[in-house]
Amino acid sequence: MMRASFHRAAITLFISVSVVFCLLLPSIAFAKETAVIQNIKLANTRDDLLTYFDVKQAFTQKINQAVLNGIPTTFSFYITLYKTGDSWFDKKISDIQIKSTLKYNSLKKEFSVLRPWKNEKAIITPSFDEAKSLMTEMDNLTIIPLNQLVKGDKYQLRIKAELDKVTLPLSLHTVLFFVSFWNFETNWYLINFTY
């Protein structure tokens, strides 16, 4: 009798540990594929404050597969500038959201990258690597005119990137079941500076 309850307890413990391990497994598996923002730089022209940055590890195997299957892929970038200081609350002085979209034309075997924030036409390239670079490298992005900043004041730039959710026709949901696993969202990255 005692032996049977011991076995029951051991089986219950094994099932509990197995369930916890299975719940943790996806987070362990995807930990290596977390997108990050790197190489953040601030610069200025005579008139404007600019930023530069890269998103690394944004293109996982699932995202690559989706793009090559013709699913348009859009990254959103959020750039917010706050005036910080002695008060309890930071004051938001600039809030920018930009998008870049990548599409693959399998008939022409070329990629199209649209970056409307650059005021340019879609860039067409046969290189997937070049298309991915165009999607993940931000350069010369205007944050705010310099005349809106105050000399000696403290500021904080916050940057985040995410993959926009994809809506597929119902007929494709069963074929492209992997779509639910190819989303990403970075943490907020902060840069503090004094003007």
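Looking at the range 1-110, the strands (runs of 3 or more DSSP E) lying wholly inside it that each contain 2 or more residues that are in contact with a helix residue (DSSP H, G or I) (Cβ under 9 Å, 6 or more places away or on another chain), under 27 Å from THR125 (Cα atoms) and at pLDDT 90 or above sit at 48-56, 73-84, 91-105. Could you list all residues from the range 132-149 that are free of Cβ contacts under 8 Å to residues at least 60 places away in the same chain and more than 16 Å from ASP48 (Cβ to Cβ)? Within the range 132-149, SER133, LEU134 meet the criteria. The set of residues in the range 94-127 that are over 19 Å from the mean Cα position of the chain (by Cα) and among the aromatic types (Phe, Trp, Tyr) comprises TYR104, PHE111. So which of PHE59, PHE89, PHE111 ends up being under 18 Å from PHE184 (Cα atoms) and in the same structural domain as TYR189 (by TED's automatic domain parsing)? After ruling out the rest, the residue left standing is PHE59.
Residues of the range 33-83 that are of a type in the set (Val, Ile, Thr) and surrounded by fewer than 17 Cβ atoms within 10 Å (Cβ to Cβ): THR34, VAL36, ILE40, THR45, THR74.
Cβ contacts < 8 Å: first residue over 11 Å from PHE75 (Cβ atoms), restricted to the range 92-110; second residue surrounded by fewer than 16 Cβ atoms within 10 Å (Cβ to Cβ) and among the acidic types (Asp, Glu), any location; separation 6+ or different chain. Result? Pairs found: TYR104/GLU110.
The values are calculated or read from the model by the stated rules, or taken from the named source; none is laboratory data. Everything numeric in this text was worked out from a predicted model, so none of it was measured. Backbone-built Cβ (ideal geometry, glycine too); neighbour counts: all protein chains shown.
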